[in-house]
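Peer 1: Please find one structure pasted underneath; my questions will follow.
Rule-based calculations on the coordinates, nothing more; no lab input. In this text the structure is predicted, and so the values were computed from the model without any measurement. All Cβ positions, even for glycine, are placed from backbone atoms using ideal geometry, and neighbour counts span all protein chains on display.
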Amino acid sequence: MHITQLNRECLLHLFSFLDKDSRRNLARTCPQLQDVFEDPALWPLLHFRSLTELKKDNFLLSPALRSLSICWHSSRVQVCSIEDWLKSAFQRSICSRHESLVNDFLLQVCDRCPNLASVTLSGCGHVTDDCLARLLRCCPRLRELRLENCARVTNRTLVAAAAHGRALQTLHVDFCRNVSAAGLRRLRAACPRLALRAEHSAAMIPDQPPRGVPAPGSALRKLLPR
């Protein structure tokens, strides 16, 4: 029996065992398998291990998406987490491309995936409060939002969670240095049933405007809890 003789349900089940690249490669072999690849039912979960994966054409964003995770673990994550005024021109150029890539992708998610229930962002140093606020507004069924080492996340994201996270049950803001203890207290008071975790966030050194020449090692201290 040839693979194209299988019914739609069997083909979807077969595709579900493949990673994104394998699905894309198999879909290119014939129009019937391309049609299966483009079925939203195949894409309830998406996981990305690097930012370059966001540029590929081996996945589909649709209202069927329920769980999204971007977990970027690389030496460049540390560079992206440093304040802009401590970066070299070359580092700023790299980070600018990363910022556009991540935020443009999340804006597409906001527009195409209104039924998202879970989002995990780890090492995404350029995700902004505005982008997360839009995500909370556009995905009213979002129940879990987990943020780790997202340097640009501030108390504004906590305010957005209280204002727009109607279905939100779990919020993690771990190692997010610009989230303050006061902001966490206000969110706990506003949403007492929310499972809120902020490991080390309020204990880290927040961003500050430059005051002369930075002391040696100051960039490294930005990445470590007190």
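Peer 1: Starting from the amide H of Thr120, placed 1.01 Å from N in the peptide plane, find each other amide H under 5 Å away whose residue is 5 or more places distant or on another chain.
Peer 2: Leu68, Ser69, Ile70, Arg146
Peer 1: How much length is gained if the chain between Asn7 and Thr52 is pulled fully straight, taking 0.36 nm per residue apart and subtracting their Cα-Cα distance, in nm to one decimal?
Peer 2: Net length gain for the segment: 12.8 nm.
Peer 1: Take the range 1-51, compute every pairwise Cα distance, and split them into 5 Å bins from 0; I just need the percent in each bin.
Peer 2: All Cα pairs considered, the percentages come to 4, 19, 35, 24, 10, 5, 2, 1.
Peer 1: Along Cα→Cβ, 7 Å out, is where each label goes; now give me the distance between the ones at Asp207 and Asp104 in nm to one decimal.
Peer 2: 2.1
Peer 1: Another one. Figure the gain on full extension for Val159 and Ala195 (residue separation times 0.36 nm, minus the Cα-Cα span) and round it to one decimal in nm.
Peer 2: Difference between extended and current length: 11.4 nm.
Peer 1: Another question, if that's okay. When the Karplus curve 6.51 cos²θ - 1.76 cosθ + 1.60 is applied with θ = phi - 60°, which whole-Hz ³J(HN,Hα) does each residue of the range 20-26 get, with x for Gly and Pro?
Peer 2: Computed from phi, the couplings for the range 20-26 are 4, 5, 5, 4, 4, 5, 5 Hz.
Peer 1: Let me ask something additional. Around Ala163, with a cut-off of 13 angstrom between Cβ atoms, what is the net charge of the other residues, counting Lys and Arg +1 and Asp and Glu -1?
Peer 2: Net of charged neighbours comes to +4.
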